[in-house]
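Undergrad: This is the structure I have questions about; it appears just below.
The values are calculated or read from the model by the stated rules, or taken from the named source; none is laboratory data. From a predicted model like this one, the values you see are computed outputs, not experimental measurements. With ideal geometry, Cβ positions are generated from the backbone for all residues, glycine too; neighbour counts draw on all protein chains shown. We work out accessible area using only protein heavy atoms, side chains counted, and drop any ligands, DNA or RNA first. Shrake-Rupley method; radii C 1.70, N 1.55, O 1.52, S 1.80 Å.
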Amino acid sequence: MNPDVGFIGCEPFLNGVVGALAHIRDGELTNVRLHMGDALEVIERLPDASLDRLYLLHPDPWRKARHAKRRMVNHGPLDTIAAKLKPGAEFRLGTDDPTYCRWSMMIMNARRDFEWQAKTPHDFLTRADDWPETRYERKARRQGHEVWYYRYLRV
């Protein structure tokens, strides 16, 4: 959809990387690069204020309370993400996990460097046309789970 935009995908699991490489090959995409590993490893290396948009799509929810510190939606990773986004750039988060949904709202609401874009429930219950659907999302919908889509602007 955006051949003039560069994309960096990060995936910690080999099967996910192999699947993504097949899609890149089949779609003859030349604007996508992949990193097998933690996304923060890549994000930390980018220049400040260099990103127009960052997606965090169905991250591991780390459901146990004692593991909450490992979630991507925490102040440490969000400080890094905020630094790398240009002013006015968009941070998009998608999840089908109710605990992660509540956690994300709590953490993001405490921040002053991001502004939530939802004005109505429709805004966070409907995936935007330019928002890629993941296989996790498809699986969640097949299982009857609700999916939430959060859009924040970097202020």
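Undergrad: Go through the stretch 35-49 and give me each residue that's part of a loop (DSSP other than H, G, I, E, B) and small (Gly, Ala, Ser).
TA: GLY37, ALA49
Undergrad: Name the pairs whose Cβ atoms lie under 7 Å apart, with the first residue in the stretch 58-77 and over 18 Å from PHE91 (Cα atoms) and in a loop (DSSP other than H, G, I, E, B), the second open to solvent by 90 Å² or more (accessible area, probe 1.4 Å) and not acidic (Asp, Glu), and 6 or more positions between them or separate chains?
TA: Listed pairs, sorted by first residue: TRP62/ARG70.
Undergrad: OK, next. Go through the residues of the stretch 42-55 one by one and say whether even a single one is over 23 Å from PHE7 (Cβ atoms) and not aliphatic (A, V, I, L, M).
TA: Scanning the stretch 42-55, I find no residue that is over 23 Å from PHE7 (Cβ atoms) and not aliphatic (A, V, I, L, M), so the answer is no.
Undergrad: Let me ask something additional. Identify the residue in the stretch 34-80 that is closer than 20 Å to PRO132 by Cβ and touching a Phe, Trp or Tyr at 6+ places or on another chain (Cβ under 6 Å) and, among all such residues, is modelled with the highest pLDDT.
TA: LEU54
Undergrad: Report every pair of residues separated by at least 6 positions or lying on different chains whose Cβ atoms are under 6 Å apart, first residue within the stretch 126-155 and touching a residue at least 40 places away in the same chain (Cβ under 8 Å) and under 23 Å from LEU85 (Cβ atoms), second basic (Lys, Arg) and assigned to a loop (DSSP other than H, G, I, E, B).
TA: TYR149/ARG127
Undergrad: Any chance the stretch 108-122 includes a residue that's β-branched (Val, Ile, Thr) and surrounded by fewer than 14 Cβ atoms within 10 Å (Cβ to Cβ)?
TA: yes
Undergrad: Got at least one residue in the stretch 93-108 being touching a residue at least 60 places away in the same chain (Cβ under 8 Å) and among the basic types (Lys, Arg)?
TA: Checking the stretch 93-108: not a single residue is touching a residue at least 60 places away in the same chain (Cβ under 8 Å) and among the basic types (Lys, Arg).
Undergrad: Looking only at the stretch 6-36, filter to residues that are of a type in the set (Val, Ile, Thr) and under 23 Å from LEU51 (Cβ atoms); which one of those is surrounded by the fewest Cβ atoms within 10 Å (Cβ to Cβ)?
TA: THR30
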